[in-house]
Every structure is written in structure tokens, then in C-alpha cells.
1. If each DSSP helix of 4+ residues adds -39,500 (n - 2.57) and the sum is divided by the residues in the chain, what number results at 222 nm, nearest 500 deg cm²/dmol?
2. Choose one answer from Arg51, Arg30, Arg22: the residue with the largest mean-square fluctuation in a GNM of the chain with alpha-carbon springs under 10 Å.
3. Let me check I have the definition right: for the chain, take the eigenvalues of the Cα gyration tensor, multiply each by 5, take square roots. What are those semi-axes in whole Å, largest first?
4. With every protein chain in place, what's the accessible area of Leu17 (1.4 Å probe, Å², nearest 10)?
5. Of Val60, Val42, which has the most accessible area and how do the rest follow, probe 1.4 Å?
6. So how far apart, in nm, are the two label points at Lys56 and Leu5 if each is 7 Å from Cα heading toward Cβ?
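The values are calculated or read from the model by the stated rules, or taken from the named source; none is laboratory data. These figures come from a predicted structure and were not determined experimentally. For neighbour counting, all protein chains shown are included, and Cβ atoms are generated from backbone atoms with ideal geometry for every residue, glycine included. These accessible areas exclude ligands, DNA and RNA; they are computed on the full protein's heavy atoms, side chains included. Shrake-Rupley method; radii C 1.70, N 1.55, O 1.52, S 1.80 Å.
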Amino acid sequence: PGWLLSPAGRPYLDCILHKNQRRVFGLLERPALPPALAVPTVTYKVFLAGRSGVGKTALVAWLGGTPVPPAHHETLG
């Protein structure tokens, strides 16, 4: 559990800290790491289906780290 505070994990922690506070990333975002600390990236696709007005667009916005729209807007499937 304390790996980020260990000497091996400290360079990774330094990349996600800003003014000694952890930067917030969306689930689909990742911090920019120096080439020496690069980690493998896995690509995938997400299929999201559901009835109208259940929050699909808000979920995608939240996963991407963008603000969730405050009002309901109809979007095309």
C-alpha cells in the first residue's frame, strides 16, 4: 500500500503531484511521465448503451475527466 512513498515509487508520485497536492485525473486520462518511467498503455473500446436520459453522456464526461454537464441535453445515440 505504501509503494508510492518507497524509493522505487517516488518518481511516479512526483509526476502526479502539483504543489504537493495530488492532481486529479479522469479514469481515461493518465499523467505525462518521463520516457524513463514510461509504463505500458492498454487501449480498449467502451460500448455504452441505455435508454434515453439515464446519464450515458454524463458518465462518459466523468470518465474522461471533463465537467459533467449541469443540465439534461438530448444526444443522438
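1. Roughly -5500 deg cm²/dmol at 222 nm, from the helical runs in the chain.
2. Answer for the Gaussian network model of the chain: Arg51.
3. Values: eigenvalues 226, 45, 20 Å².
Working from the Cα gyration tensor, I get semi-axes of 34, 15, 10 Å.
4. Its heavy atoms expose roughly 40 Å² to the probe.
5. Details: Val60 80, Val42 115 Å².
My answer, sorted largest first, is Val42, Val60.
6. Here the answer is 4.4 nm between the modelled labels.
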